[in-house]
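Below is one structure; the comments refer to it alone.
A short reminder: the numbers here are calculations on the coordinates, not readings from a lab. None of these values were measured; they are calculated from a predicted model. Cβ coordinates were reconstructed from backbone atoms using ideal geometry, including for glycine residues, and neighbour counts include every protein chain displayed.
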Amino acid sequence: MSDSPDDDVPFEHTVADKAPQTSSNAGRLVGLTNDLSRHTVVGDEGGLGGRGGFLGRPRLSAGGPKRPALRLEALDGLRGLAALYVVYFHVIAVASKPYTDALGKVGHLIARSAEHGHDAVVTFIVLSGFVLMLPAARAADGQLPGGLLDYFRRRVKRIIPAYYMALLIVLVLGLAWAIALGARAGQTPTADMPNPFVSDASVGGILSHFVLVQNFSRAWSIALDSPMWSVAVEAQIYVLMPLILLPVWRRFGMVASILVGLLIGMIPVFLLPRGTNFDTSCPWFVGVFALGMAGAVCAQAFSDRSIFSHRRFWAGAATLLLLGVLFIQVGRPHLWWRLGLWTKDMLNGCVIAAFLVFLARCQLDADGETSTVSRILRSKSLLVLGGFSYSLYLVHNPIIDLVELFLPTHLRPARHILALLVIGMAASLIIAYLFSRAFEHNKVLGGWVDGLFEKVGHWLDARRLHQPAPFALPPDREQATIVNQ
């Protein structure tokens, strides 16, 4: 999911985005949004305190060369696999639970294979942090290419049009179901009628989805398309990244940024009463996102002479971290279940971040060698899947609900699961691909977003041009200063 990626998060992997060609006012706005502390990260690239400022503050100076654009295709493949697993999770763990229970041990094994849907969402969050941090980590000045306004333009363009269209489709399906159910019962449809598509038809339940705050309430988060709660969380993190996480990294280093992100997420969990502390929306995902940012810094903060730049080091690190997590899960299950969900997510986030660094180093290493895992993730089929994985995440749930509604009720449990798995996943893939072509990658919708942000740029630029610069000298003193120079 969103990660979401860029035409650009579920899903973008262009490490150095080109700034769009806009009017002169919009061009001046780029300068406005980048006025704050233009610096280049320099110094010893071989250690954890050097170029990337992982343990400490990065060394900064003005100027610096531009780095070439880079596209890490393996990340698209990984995102596609994660989205496909989420579909499998909702087919087996959600829709088919009564039937897996009826299959005994076999059903238990099938259900166990679909227990990690939440971990797939963690993968999306770490991927988004990694991908969005790469341009800043590679930039000579440590800033987001194009400025703050262009960053928000790309984020809105990437997630909002497809999100709103998916939301409208769910509302139409819910309304159609309510009308059909009411007509069958011979009564006027009401909000309290059972509805597989809209569980909460209140104003708050619907409006919260349109303003992307449905994760603030347990009831709102599942009111419509339940997977959309994580899109809201990710959108909120997109705001925090340039305003808080990036400045902390530039001032204090990546470890500080991770700690600040985790602190932001854990404050409501610890301070508010249970049930009202937003724990169901996983606010600690801010810290998980920062782990992805740290991975982006590690992917290129070191010179070729450093052991930290070798893909084998990161393959070993990811393997050791994974074995450690599995040891706790399998060898010490009582300890694993006693850990809070935020602890598990941070541990899994470390594994994923190390794996992402490994994938990046496979492409960045000068010897040109790669790994079997990287080649698989860069295969054509997975790249195609990754290209519409955000749409797949958005629309698969109502499609599975529809398929389940139309399946014959007399099917045996095994046949029901098989039919739902084959038909549900196939229908989800086909419809999600068409949806992505129609809405996710729609140039008209994207053009509307570009036009909106260009108008905002004109407005901000006009306000800037008509306001005196801060600490400006009076005209007579300014002229005197120029003469004296």
With Rh as the Kirkwood radius over Cα pairs, the range 71-191 has Rg/Rh of 1.14
Go through 339-346, 322-329, 87-94 and give me the packing order, highest mean Cβ count within 10 Å leading.
87-94, 339-346, 322-329
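If N is the number of residues in the range 92-144, what value comes out of its Cα radius of gyration divided by 2.2 N^0.38 Å?
1.96
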Can you grab the distance from the C-alpha centre of the range 81-107 to the C-alpha centre of the range 198-247, Å, no decimals?
25 Å
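I'd like to compare 199-208, 372-381: which one has the highest average count of other Cβ atoms within 10 Å, and what's the full order after that? Write out the running numbers ahead of the final one.
Working: 199-208: 16.1, 372-381: 14.6.
My ranking of the peptides, most packed first, is 199-208, 372-381.
Around residue 400, with a cut-off of 14 angstrom between Cβ atoms, what is the net charge of the other residues, counting Lys and Arg +1 and Asp and Glu -1?
Values: positive: 97; negative: 225, 401, 404.
Charge balance near residue 400 sits at -2.
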How are the Cα pair distances of the range 291-404 distributed, in percent, across 5 Å bins from 0?
2, 10, 15, 15, 16, 15, 14, 9, 3, 1, 0, 0
Step through the residues of the range 87-96 one at a time and calculate ³J(HN,Hα) from phi using the Karplus curve (6.51 cos²θ - 1.76 cosθ + 1.60, θ = phi - 60°), rounding each to whole Hz and writing x for Gly and Pro.
4, 4, 4, 6, 5, 8, 6, 10, 6, 9
Rounded to one decimal in Å, the inverse mean reciprocal Cα-Cα distance for the range 229-375, i.e. its Kirkwood radius, is 16.7 Å
